[in-house]
1. Label 7 Å along Cα→Cβ of LEU135; segment 73-97 residues with amide nitrogen under 17 Å?
2. What's the angle, to the nearest 10 degrees (0 to 90), between helix 91-105's Cα axis and the longest principal axis of the chain?
3. Projected onto the charge dipole of segment 16-137 (+1 at Lys/Arg Cβ, -1 at Asp/Glu Cβ, origin at the Cα centre), which of HIS59, SER105, ALA95 gives the Cα projection farthest towards the positive end?
4. List the relative contact order of segment 54-128 as a percent without decimals, with contacts defined as Cα pairs under 8 Å and 6+ residues apart.
5. Hull surface divided by four, with the convex hull built on the Cα atoms of segment 1-78: how many nm²?
6. How large is the helix-only mean residue ellipticity at 222 nm for the chain, computed as the sum of -39500 (n - 2.57) over DSSP H runs with n ≥ 4, divided by its residue count, in deg cm²/dmol to the nearest 500?
7. With each label point set 7 Å from Cα along the Cα-Cβ vector, what nm distance links ASN38 and THR60?
8. Assuming a ≥ b ≥ c are the square roots of the Cα gyration tensor eigenvalues, decide whether segment 70-140 counts as rounded (a/c under 1.5), prolate (otherwise, with a/b larger than b/c) or oblate.
Amino acid sequence: MPNPRSPSPNNLGGWRNCTNVRNLPAAPGIYKFRRRYNGRLRTQYLGMTTNLNTRVRNHTSRRAGDKIQFKLVPHHRRMYRDPVSNRNRTRLNIAEKLHLRDEFSRGQNCRRSTSLRAWVRQYNNLPRNRRAIRLTRRSR
């Protein structure tokens, strides 16, 4: 099996819309809730999970009018080097951080923990030659 490319927002494809929560796959991925504020669709929450179906159904911040979008993350257990902390992280973890960075760069202010926000700030302050995210080792 070929090595997967780094989990950047472009490499994982586009966001898929979910019309019925029960039809979500039981696969690892990234999801986001979008909600209308003053006529504009804004990202409310972005998260990651190893089982999209159960996580989104049990989410506490979901409302009736929310638009749910998701991306599947294949090879989610492969390990990559995190350029900020210089530690090994899973592909799913790195993908969530890079997608959160992408949302912030578009002016979305979605809710996440302060540690993730700090990671995005530190990543943005890195020089371009240190932002590379490389595969470190395979895991199951």
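Each value in this text was obtained by applying a stated rule to the coordinates, not by laboratory testing. All values derive from a computational prediction rather than experimental measurement. No Cβ is skipped: glycine too gets one built from the backbone with ideal geometry, and neighbour counts run over all protein chains shown.
1. Residues passing the 17 Å test: 73-82, 88-95.
2. Result, in degrees: 70.
3. Of HIS59, SER105, ALA95, it is SER105.
4. Values: 41 pairs, mean separation 16.2, N = 75.
Relative contact order here is 22 percent.
5. Values: hull surface 23.3 nm².
Spelled out: convex hull of the Cα atoms, projected over all directions, averaged, 5.8 nm².
6. On the way: 3 runs with 33 residues, N = 140.
After summing the helix terms and dividing by residue count, I get -7000 deg cm²/dmol.
7. That separation, rounded to one decimal, is 2.9 nm.
8. Values: a/c = 2.06, a/b = 1.30, b/c = 1.58.
It comes out oblate by the Cα gyration axes.
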